[in-house]
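Heads up, the thing below is written out as structure tokens.
The values are calculated or read from the model by the stated rules, or taken from the named source; none is laboratory data. Remember, it's a predicted structure, so these values are computed and weren't measured experimentally. Cβ coordinates were reconstructed from backbone atoms using ideal geometry, including for glycine residues, and neighbour counts include every protein chain displayed.
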Amino acid sequence: MSSTISTEEQQAQERSWIVTAQQGNLDAFNQLVAAYEQRIYNLCFRMLGEAEAAADATQDAFINAYKAVGRFRAPQGDTPAMVNSFRTWLYRIASNLCYDVLRSRKRRPTTSLDALINDGGEHDYEAAGNFSLAHGLASEGPESSALRAELSREIQRGLTMLPEDQRLALILCDIQGFSYDEIAVVSASTLGTVKSRISRARARMRDYLLGRGELLPSTFRHNSDELSVMSLVSHRLSFDGGVDPPPAPLDGRGEHQIDSALMVV
């Protein structure tokens, strides 16, 4: 979508896609896939810590959403409210699939945490986040690229060590930019529970990262404030900022769309 289009026009276009997709139009739904695939992949990757699992969960999320979009209900008169309601509905589908994968891993533990983190590879962290050499570590010398890659791995390792409900809340709040109310909808939790999870997750991430201070940019080494550390996490793992979508998260043919053949039950 062109960067010259206003927010109001974007929302009106998205509303049109939602309404048309609810009538069974696959092309309209694929426009929604294109609009959300990068953000949904980012959520799945940060929750699961592994590129292939994240790609599978992303695909499954959109397939499940396509099958259920006719039953999606949202405010009909308010365009921003309808678009926001669709977004939280889609994220709830994706987050529930991530929980399913995590539960399956607990039943059949075959992969260590370090293996998951290392198998992601620098390319996958670059694809899932916004790492700009113009910021942060770039000013700290010729080793900045290696430090940047190691820091991103440590941040992901810290996320993966969080309890799953705290991990989801932190990703939605500090990486994806959701409000507390929106997170409550996605996670089917009370507002107080959401605030508590975010506070605890931030404190754990702060302690984890400060224990690896040699990887932190100098401005963060001397500031242990929770929000300052989380601003680093948000910047390093941001889904926005012109980052290309991950390679073929929805199928093996490089097509970023839902294939009608996948809809056959």
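Every residue in segment 31-48 that is surrounded by fewer than 22 Cβ atoms within 10 Å (Cβ to Cβ) and not aliphatic (A, V, I, L, M), please. Answer for segment 31-48, where residues must be surrounded by fewer than 22 Cβ atoms within 10 Å (Cβ to Cβ) and not aliphatic (A, V, I, L, M): GLN31, TYR36, GLU37, GLN38, ARG39.
Restrict the check to segment 96-107 and report whether at least one residue is crowded, with 21+ Cβ neighbours inside 10 Å and of a type in the set (Val, Ile, Thr). No. Name the residues in segment 196-208 that are at pLDDT 95 or above and touching an Asp or Glu at 6+ places or on another chain (Cβ under 6 Å), would you? Passing the criteria: only ARG197.
Just checking, does segment 60-71 include any residue being assigned to a loop (DSSP other than H, G, I, E, B) and modelled with pLDDT under 95? Outline the logic, then answer.
If we filter segment 60-71 for residues that are assigned to a loop (DSSP other than H, G, I, E, B), which is where we start, we get none.
Taking every residue of segment 60-71 in turn, none turns out to be assigned to a loop (DSSP other than H, G, I, E, B) and modelled with pLDDT under 95.
Among the residues of segment 161-195, the one identified as surrounded by fewer than 18 Cβ atoms within 10 Å (Cβ to Cβ), at pLDDT below 95 and either over 19 Å from the mean Cα position of the chain (by Cα) or in a helix (DSSP H, G or I) (or both) is MET161. Pairs under 7 Å by beta carbon, first residue more than 23 Å from ALA74 (Cα to Cα) and touching a residue at least 12 places away in the same chain (Cβ under 8 Å) in segment 185-202, partner in a helix (DSSP H, G or I) and among the aliphatic types (A, V, I, L, M), six or more apart or different chains? Once the first residue is more than 23 Å from ALA74 (Cα to Cα) and touching a residue at least 12 places away in the same chain (Cβ under 8 Å) and sits in segment 185-202, its partners that are in a helix (DSSP H, G or I) and among the aliphatic types (A, V, I, L, M) give ARG197/ALA169; ILE198/ALA169; ILE198/LEU170; ALA201/ALA169; ALA201/LEU170; ARG202/LEU170; ARG202/MET230.
Entry remark, segment 54-78: residues being over 18 Å from the mean Cα position of the chain (by Cα) and surrounded by 16 or more Cβ atoms within 10 Å (Cβ to Cβ) number 3 in total. The set of residues in segment 13-25 being touching a helix residue (DSSP H, G or I) at 6+ places or on another chain (Cβ under 6 Å) and not charged (D, E, K, R) consists of TRP17, ILE18, THR20, ALA21, GLN22. When ASN118 is tested against (1) farther than 17 Å from VAL19 by Cβ; (2) modelled with pLDDT under 95; (3) buried (at least 16 other Cβ atoms within 10 Å of the Cβ); (4) not hydroxyl-bearing (Ser, Thr, Tyr), only condition (3) is not met.
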